[in-house]
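A short write-up of the structure that comes next.
The values are calculated or read from the model by the stated rules, or taken from the named source; none is laboratory data. Predicted model only: the values in this text are computed from it and were never measured. As a convention, Cβ positions derive from the backbone with ideal geometry for all residues, glycine included, and neighbour counts pool all protein chains shown. Calculation scope for accessible area: heavy atoms of the full protein, side chains included, ligands and nucleic acids excluded. Shrake-Rupley method; radii C 1.70, N 1.55, O 1.52, S 1.80 Å.
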Amino acid sequence: MKILITGNMGYIGPCVTRRLRSILPDATLIGLDTGFFANGLTNAKILPECMVDIQYFADVRYLPPGLLDDVDAVIHLAAISNDPMGNQFEDVTFEINYRASIKLAKSAKKAGAKNFVFASSCSMYGTAEDAARTEESSLNPLTAYAKSKVSTEKELATLAEKGFQVACLRFATACGMSDRLRLDLVLNDFVAGAVASRQITILSDGTPWRPLIHVKDMARAIEWAVFRNSDQGGEYLAVNAGSDEWNYQVRELAEAVAEVIPDVTISINKDAMPDKRSYRVNFDRFKRLAPDHQPEVDLITSIKELKNGLAEMGFKDADFRNSHYMRLKALTDLRHKGYLSENLEWQNI
Ligand SMILES: NC(=O)c1ccc[n+]([C@@H]2O[C@H](COP(=O)([O-])OP(=O)(O)OC[C@H]3O[C@@H](n4cnc5c(N)ncnc54)[C@H](O)[C@@H]3O)[C@@H](O)[C@H]2O)c1
């Protein structure tokens with residue numbers, strides 16, 4: 001079996017690669033990444049890319065010749081991966097997250113790939129004060145990032161047919177340790193604050209709902225999507241990937257961190273504008289279709305794992321919100337140093 005993983009050199013990619021390598025020791029795993037955050041290794045015992053058989057340092061907007069030859073499945077993670085980056089680089093976000101994704105899917109289909117797994121996002125539900133969002137609920141993408149995911153899903157739906165299965169996994173917000181840790185994700189941020197300064201600062205009034213999923217469980221969901229049959233969701237499937245037990249309010253997440261890490265102060269910004277993004281998500285479809293691949297890691301385990309991972313890193317940076325653990329900061333630094341063009345293409349290197 002030959003599997004292409006785009007965006008394999010980010011936060012989720014190494015976990016996905018490790019999972020696939022462990023269950024498919026003989027498969028040919030191919031990585032493709034432009035390497036924006038490649039030097040942001042955190043505690044990796046080995047370079048995670050040693051787990052793939054072939055690594056392309058390439059931009060998903062310009063597919064290298066032969067990339068898709070004999071590829072059975074594509075796992076498409078490469079993207080401008082959050083709202084702050086999407087806001088700052090709006091046009092490029094649309095170009096990479098939407099246009100390049102569709103071009104990749106069309107090329108994969110043409111080359112004979114059977115399966116396309118797209119890392120979509122629950123952020124497309126935007127804000128929803130009432131019931132938990134199902135896949136049939138109306139979408140309310142509030143940002144360039146969320147809009148790019150909606151557009152991609154819509155067009156992928158038109159490409160799916162017998163012989164070319166597409167799964168859009170609408171992931172909850174990720175958390176957990178990775179070989180390339182991100183701290184611009186809510187739980188990771190809270191644990192980092194607690195470890196570095198015994199202080200958790202909630203940048204809202206704490207009430208927004210934010211479902212979470214651990215990176216290891218994301219990798220298991222992706223594994224499921226790669227191997228699912230068409231009777232598990234049809235040729236085209238959009239599914240919320242996470243679990244009902246992980247629908248938390250931001251304040252509850254902070255409190256859970258304070259339970260694990262003693263002497264932590266939580267400050268809630270009572271004057272904050274209400275966080276526009278707030279939604280509960282209904283994960284029934286995922287539970288029904290993938291009963292053996294339901295999330296397993298629980299909140300307290302995730303917090304302890306992050307705490308230990310940060311301790312191993314000797315992490316002490318109380319000002320981490322201005323550090324390279326924030327994807328936007330890493331990207332804008334590369335821009336300011338002249339290594340990335342306005343279009344986020346490498347230059348002067
Ligand atoms: N982290 C989350 O909470 C979360 C939640 C839902 C969905 N997702 C989706 O999962 C995917 C992976 O997220 P992540 O947290 O690992 O993000 P990340 O930013 O850590 O990784 C994204 C990777 O894509 C690469 N990339 C970006 N543009 C590229 C291009 N033009 N060509 C080639 N490579 C490119 C980057 O170099 C990076 O290694 C993204 O599609 C993201 O939208 C993430």
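Looking at segment 320-339, which of the residues that are outside any loop (DSSP other than H, G, I, E, B) and basic (Lys, Arg) is farthest from ALA258 (Cα to Cα)?
If we take residues in segment 320-339 being outside any loop (DSSP other than H, G, I, E, B) and basic (Lys, Arg), then ARG335 is farthest from ALA258 (Cα to Cα).
Residues of segment 121-158 being farther than 20 Å from SER243 by Cβ, touching a residue at least 60 places away in the same chain (Cβ under 8 Å) and open to solvent by 20 Å² or more (accessible area, probe 1.4 Å), which ones?
THR127, GLU129, LEU142, THR143, TYR145, ALA157 - these are the residues of segment 121-158 that are farther than 20 Å from SER243 by Cβ, touching a residue at least 60 places away in the same chain (Cβ under 8 Å) and open to solvent by 20 Å² or more (accessible area, probe 1.4 Å).
Quick check on my filter: what residues within segment 54-85 are crowded, with 17+ Cβ neighbours inside 10 Å, assigned to a strand (DSSP E or B) and within 10 Å of the ligand (Cβ to nearest atom)?
TYR56, ILE75, HIS76
Yes or no: GLU90 over 21 Å from GLN165 (Cβ atoms), in contact (Cβ under 8 Å) with a residue 24 or more places away in the chain, of a type outside the set (Val, Ile, Thr) and open to solvent by less than 60 Å² (accessible area, probe 1.4 Å)?
No: the conditions fail for GLU90.
I'm checking my understanding of the structure. Among residues of segment 94-104 that are open to solvent by less than 30 Å² (accessible area, probe 1.4 Å) and touching a Leu at 6+ places or on another chain (Cβ under 9 Å), which one is nearest to the ligand (Cβ to nearest atom)?
ILE96
Just to be sure, is VAL166 touching a His at 6+ places or on another chain (Cβ under 7 Å) and outside any loop (DSSP other than H, G, I, E, B)?
no
Test of understanding: among GLU342, GLU296, GLU312, which residue is more than 30 Å from GLU259 (Cα to Cα) and either surrounded by 12 or more Cβ atoms within 10 Å (Cβ to Cβ) or not hydroxyl-bearing (Ser, Thr, Tyr) (or both)? Quick ask: steps written out before the conclusion?
Numbers: GLU296 fails: more than 30 Å from GLU259 (Cα to Cα); GLU312 fails: more than 30 Å from GLU259 (Cα to Cα).
GLU342 is the lone residue from the list that is more than 30 Å from GLU259 (Cα to Cα) and either surrounded by 12 or more Cβ atoms within 10 Å (Cβ to Cβ) or not hydroxyl-bearing (Ser, Thr, Tyr) (or both).
In the list PHE118, PHE164, which residue meets the criterion of being within 13 Å of the ligand (Cβ to nearest atom) and open to solvent by less than 10 Å² (accessible area, probe 1.4 Å)?
Checking each option against the conditions leaves just PHE118.
Looking for something within 20 Å of the chain's Cα centre (by Cα), among the charged types (D, E, K, R), modelled with pLDDT of 95 or more and within 26 Å of THR42 (Cα to Cα) - is there at least one such residue anywhere in segment 249-272? Break it down stepwise before answering.
The first filter runs over segment 249-272 and keeps only residues within 20 Å of the chain's Cα centre (by Cα), leaving 249-250, 253.
When the remaining residues are screened for being among the charged types (D, E, K, R), the result is none.
So far as segment 249-272 goes, no, none of its residues is within 20 Å of the chain's Cα centre (by Cα), among the charged types (D, E, K, R), modelled with pLDDT of 95 or more and within 26 Å of THR42 (Cα to Cα).
State all residues of segment 221-232 that are open to solvent by less than 30 Å² (accessible area, probe 1.4 Å) and within 18 Å of ASP284 (Cβ to Cβ); if no residue qualifies, say none.
Within segment 221-232, ALA221, TRP224, ALA225, ARG228 qualify.
State which residue is nearest to the ligand (Cβ to nearest atom) when the search covers only segment 179-191 and only residues that are open to solvent by less than 10 Å² (accessible area, probe 1.4 Å) and within 25 Å of GLU49 (Cα to Cα).
Going through the qualifying residues, I end up with ARG180.
I'm trying to understand the selection: among the residues of segment 289-319, which are closer than 26 Å to ALA225 by Cα and assigned to a loop (DSSP other than H, G, I, E, B)?
Those that are closer than 26 Å to ALA225 by Cα and assigned to a loop (DSSP other than H, G, I, E, B): ALA290, GLN294, PRO295, GLU296, VAL297, ASP298.
For the subset of segment 192-211 comprising residues that are open to solvent by less than 10 Å² (accessible area, probe 1.4 Å) and touching a Gly at 6+ places or on another chain (Cβ under 7 Å), which member is nearest to TYR279 (Cα to Cα)?
PRO211
Being within 12 Å of the ligand (Cβ to nearest atom) and of a type in the set (S, T, N, Q) is the filter; apply it to segment 6-53 and report the residue that is surrounded by the most Cβ atoms within 10 Å (Cβ to Cβ).
THR6
Confirm whether ALA108 is more than 10 Å from the ligand (Cβ to nearest atom) and open to solvent by 20 Å² or more (accessible area, probe 1.4 Å). Quick ask: steps written out before the conclusion?
Numbers: more than 10 Å from the ligand (Cβ to nearest atom): yes; open to solvent by 20 Å² or more (accessible area, probe 1.4 Å): no.
When the stated conditions are applied, ALA108 does not pass them.
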